[in-house]
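Notes to accompany the following structure.
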Amino acid sequence: MNRLCGLDLLRAIAIIWVMLFHATKYGTPSRTFSGLGWMGVDLFFVLSGFLIGSKLFKLVSQRQEVNLSNFYLSRAFRVLPAYIVVLTIYFLVPFTREGNGLQPLWQFLSFSVNLFIDTSSSNTFSHVWSLCIEEYFYLLFPIAVLLLMHRSSVTKILVLSLFVITFGMYLRGYIWINQLGWGQSYFENIYYPTYTRLDGLLAGVLLATLKVFKPDLWDFTMNHANKVLVLGLSGLALAIWIFKARFGYMATVIGFPILSFSFAFIVAGASSPSSVFGKYKVPGAYFVATLAYSLYLTHKSVFHMINTTIGEQLSANGYIAFFVYGGSVFLVGIVLYVSIERPFLKLRTAVIAWDNKKPQKVAEINS
């Protein structure tokens, strides 16, 4: 799939939004936009569901083989090298830890931190909860496609996705009423677990289903991309209003699907080269989007180290602090990308190209 400047822009917005959210803890200027930065994770979920779903569904629609080993190899090269490096630093260099403690190593290696985390005593590298959700999506979604997906089975994907989303709404509501105490328990019981946070990924999957299996409707959407964007932004405004009481019952139950489907409309609109998001290349968007994963892994640790060393001096001027924190995060992100992430992405290309030269050629799934 060719890179679309509209999706690069959304990816850049998502990571900057998340970093601004976490930066407010360290004395940088706080604004309403920054306070809503946790929503950037849901935008990432929608983008992931859409891009991975589009690749897999395209193979199915063309009656090509979905090779699981190729897919998992591709994702491993994409995710694991930078993650293992950052995780190693967290465990070996305590100064880098932004939280109170670390969950056991096996939970990080099995991507199950989000299911067991105790944020009151071990909240270091807690933002990896979203990567945990994505990793199990990468593990299980291709299998579901193989088991359920045929060109005549679009309805199955639609029904199953909506069922999981609806069940997630019920589950969040049940937990909110019956199990919540106060404070951090919301994050541990509702916000972090995989089984309560699939709305965004599945909204992206449904969007991919539309693109691949309903091309006439997708073309109509692309021809009216700016109107689709307006619908998405209107839905986002509604979600923001609902999340004014972020931990309330209504936000917990219906807020996440409204937010996710609003982002799905925005992603659809941004996918069109004729939309205001897709028509123009915003300077720096591709650069930030390229670094997004490295920035995601390292930004909280960098914020912590800057705050520990020179935070007191920076506290007198929030705007200087903003540029120092931001510049440091990007510097570390560039180093991680250039030294680890990019070489392994190049190696991935070579390994998959070699694999495709075998007599039994299989379809490449690459992102």
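Values for this structure:
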| read-out | value |
| --- | --- |
| Length-normalised contact order for the chain - Cα pairs under 8 Å, 6+ apart - percent | 30 |
| Charge dipole (debye, nearest 20) of region 5-354; +1 at Cβ of Lys and Arg, -1 at Cβ of Asp and Glu | 680 |
| Options (1) 30; (2) 18; (3) 13 - which one matches percent of Cα pairs over 37 Å apart as calculated here | (2) |
| Assigned charges on the beta-carbon of Lys, Arg, Asp, Glu; region 128-256 dipole about Cα centre (debye) | 240 |
| Region 176-227: chymotrypsin sites (Phe, Trp or Tyr not before Pro) falling in loop per DSSP and having at most 11 other Cβ within 10 Å | TRP182 |
| Charge dipole (region 5-354, unit charges on Cβ, about Cα centre) - positive-most of LEU295, SER69, GLY269 | GLY269 |
| Total lysine pairs under 24 Å (Cα atoms) in region 5-354, excluding pairs fewer than 8 apart on one chain | 21 |
| Given the chain, longest segment not containing exposed loop trypsin sites (Lys or Arg not before Pro) (DSSP; at most 16 other Cβ within 10 Å) | 64-245 |
| Potential lengthening between SER120 and THR349 on full extension [0.36 nm per residue; Cα-Cα distance subtracted] | 78.3 nm |
| The chain: calculated mean residue ellipticity at 222 nm from DSSP helix runs of at least 4, using -39500 (n - 2.57) | -22500 deg cm²/dmol |
| Kyte-Doolittle mean at least 1.6 and Cα axial length at least 20 Å: DSSP H helices in the chain | 5-23, 129-148, 199-213, 225-242, 256-270, 318-336 |
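No lab work stands behind these numbers, since they all come straight from the coordinates. Note that this is a predicted model, so its numbers are computed, not measured. Here Cβ is always computed from backbone atoms with ideal geometry, including for glycine, and neighbour counts include all displayed protein chains.
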